[in-house]
Amino acid sequence: MTFRFTGLLLRFVGYQRTTEITATNLADALRQLRERFPQLRPVLWDESGSLIRVHRLLLNGELLSKPDDDVPLRDTDQIEVLTAIAGG
Amino acid sequence: MHTDVDVTELVEQRWGALLARISRAADHRQLAGEVVPREFFAMAGASGLIGYAFPQDIGGGGADLRTWGAVMEELARVCDEPAFPIVMSMGTGVASVLQACGRSDLVEHYVKPIVRGERTATLAFSEDADPFSMRTELRRTGDRYLLSGAKDFITGATTADVFLTYGRDEAGRVVGCLVQSDDDGVEVLPASGLGFRTSGMGRMVLRDVQIPANRVLGTDGLTHAQRYLNHRRLILACLVTGMMRALLARCVTRLRTTVRHGGPVTELPNVQAAIGRMHIAVETTRAVVSSTLARVADGVVDPVFDVGISAAKHFATEQALFLATQAFRVLGGHAYYGDPRYGIFLQDCVALLCAAGTQELIEVNIGALVTAGLGEPTEKSEV
């Protein structure tokens, strides 16, 4: 499967817009993503390991409203990480 | 839910005298660069204004969000001191997110005193950087934390007792905490900006400030701050609407008594057209903000970044800027030299271009979310 990044998160993945990962479910894919880009860890996940709410995962264009670790993945799947934050 | 007439009467009856008092020296404060006196916030608390939308069991008035938004609009319409509702609502926003934490200690020590007007509060989030580049650090040392860094662009900084602020922990995560202006190591420096000049803008420098563990708000500070800012954009949209209504009324009143070429200037078609454009700007803004408020009050909202709320803040700000330039075009020298309110309004509109997320960033986020099919929330939630 492929992770796709845009905008604010690109700097934490070496400005690679996509990264390929071999995984059969979401939990495995996210674990491998953390290992490949350790600098993403405090950006995407909170202390308990939950995805921080400002980020949204889209699996093949569909929002994963409550990302379930058991979501099965195929080689052709694409997950986009979308971050919407503003202001201060 | 209250009607517009109800809210006009409500604000006049309950807070009319206070708002008249605040308005009295507003122009002087603007010209002298003086900050809105702290005592006005104490009076707003004592009169039930600050707590109007908080639950009655913590001393509030129990009003719903839709009514509170209408009250904010009316406040901005009738109060000649634009910084007053701007700063006061920073404090109600802090109290709201603290109440939402569900911790009784925070309610007793912060929410209730803010509601009563005994304490003032504001947000200190920005560092003139993106949130992932935050330099302020919050390090654990035994049963306490040490906070070091600086925060910029703080509205109401010089009158705030309590700051809702954020720093990065050892792992690099953004964590929220409360800082008090009388904590050792806190220095608040006045700052000047183009708009809301009487709002007590400032910068806060934090030098190894000791923060007790009970003032740390949890781990996901980034989402916490975005929840505040999401709600802030809604309140700003309400306030801008009230400011616009006041400016249009002022402009039309002036034009009615203006004579050019031997007759009333309002009989000139170009002046009528200008008034028409301004009225359209005001009424479309009211409609957008009102419908957004109604939807959010019904609980259909993305609590972290709601496209409709951000669109309402963006639209209201752009329409307000349009209104300001139209006023200058049609009033000429009177707006530029004769009546400072038009210049104050224009400057405040420019401030709104940056407030709670720049217009540019709001556009980027809305575009990305709409492209992804996430333009409208589908689940009920609390803002």
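Quick note: the coordinates plus some simple rules give every number you see, no bench work behind them. Here the structure is a predicted model, which is why all the values come from computation and not from measurement. Neighbour counts run over all protein chains shown; Cβ positions are idealised from the backbone, glycine included.
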Least to most buried among A:His55, B:His231, by other C-beta atoms within 10 Å and fewest first, runs A:His55, B:His231
Rounded to a whole number, what is D in µm²/s for segment B:4-119 from Stokes-Einstein with the Kirkwood radius over alpha-carbon pairs (10 °C, 1.306 mPa s)? 110
Would you list the P(r) distribution for chain B, with all Cα-Cα distances sorted into 10 Å bins from 0 and each bin expressed as a whole %? 5, 23, 33, 25, 10, 3, 1, 0
Using +1 at the Cβ of each Lys and Arg and -1 at the Cβ of each Asp and Glu in the protein assembly as shown, identify which of B:Ile366, A:Val71, B:Gln347 lies farthest towards the dipole's positive end. B:Gln347
Considering the alpha-carbon set of the protein assembly as shown alone, what are its Rg and its Dmax in angstrom? 23.6, 83
Distance (nanometres) between label positions extended 7 Å along Cα→Cβ at B:Ala249 and A:Thr76: 6.3
Within chain B, what is the longest stretch that has no GluC sites (Glu not before Pro) placed in a DSSP loop and near at most 16 other beta-carbon atoms within 10 Å? B:171-378
Given points 7 Å out from each Cα along the Cα-Cβ axis, report the B:Arg329 to B:Asp182 separation in nanometres with one decimal. 5.3
Anchor B:Lys112: aspartates and glutamates whose Cα lies under 13 Å away (excluding residues fewer than 8 positions away in-chain): B:Asp57
Toy charge model, Lys and Arg Cβ at +1, Asp and Glu Cβ at -1: chain B dipole around Cα centroid in debye, rounded to 20, equals 780
Chain B: relative contact order from alpha carbon pairs under 8 Å, six or more residues apart, as a whole percent, is 15
So what is the 222 nm mean residue ellipticity for the protein assembly as shown from helices alone, if each DSSP H run of at least 4 adds -39500 (n - 2.57) and you divide by all residues, rounding to the nearest 500 deg cm²/dmol? -14500 deg cm²/dmol
Positive minus negative residues near B:Gly51 (Lys, Arg vs Asp, Glu; Cβ under 13 Å): +2
Aspartates and glutamates with Cα under 13 Å of B:Lys151, excluding same-chain neighbours fewer than 8 positions away: B:Glu127, B:Asp128, B:Asp130, B:Glu137, B:Glu187
Debye calc, one equal point scatterer per Cα of chain A, no solvent, log10 I(q)/I(0) at q = 0.13, 0.26 1/Å comes to -0.37, -1.76
Work out which helices of chain B, taken as complete DSSP H runs, extend at least 30 Å along their axis over the Cα atoms and score a mean Kyte-Doolittle of -1.0 or more, then list them. B:221-256, B:269-297, B:307-331
Summed over the other residues with a beta carbon less than 15 angstrom from that of B:Asp128, with K and R at +1 and D and E at -1, the charge totals 0
Exposure-ranked with fewest Cβ neighbours within 10 Å first, B:Ile275, B:Ile50, A:Ile52 stand as B:Ile275, A:Ile52, B:Ile50
Under 13 Å from the Cα of A:Lys66 - aspartates and glutamates, other chains or at least 8 residues apart: B:Glu379
Rounded to one decimal in nm, the spacing of the 7 Å Cα→Cβ label points at B:Glu170 and B:Ala287 is 5.8
Find the centroid of the Cα atoms in segment B:163-213 and in segment B:41-105, then give the distance between the two in whole Å. 22
Just rank A:Asp46, A:Asp69, B:Asp143, fewest to most, by other beta-carbon atoms within 10 angstrom. B:Asp143, A:Asp69, A:Asp46
Percent of alpha-carbon pairs separated by more than 28 Å within segment B:222-371: 27
Provide the net charge surrounding B:Asp183, with neighbours chosen by a C-beta distance below 11 Å and charges set as Lys +1, Arg +1, Asp -1, Glu -1. -3
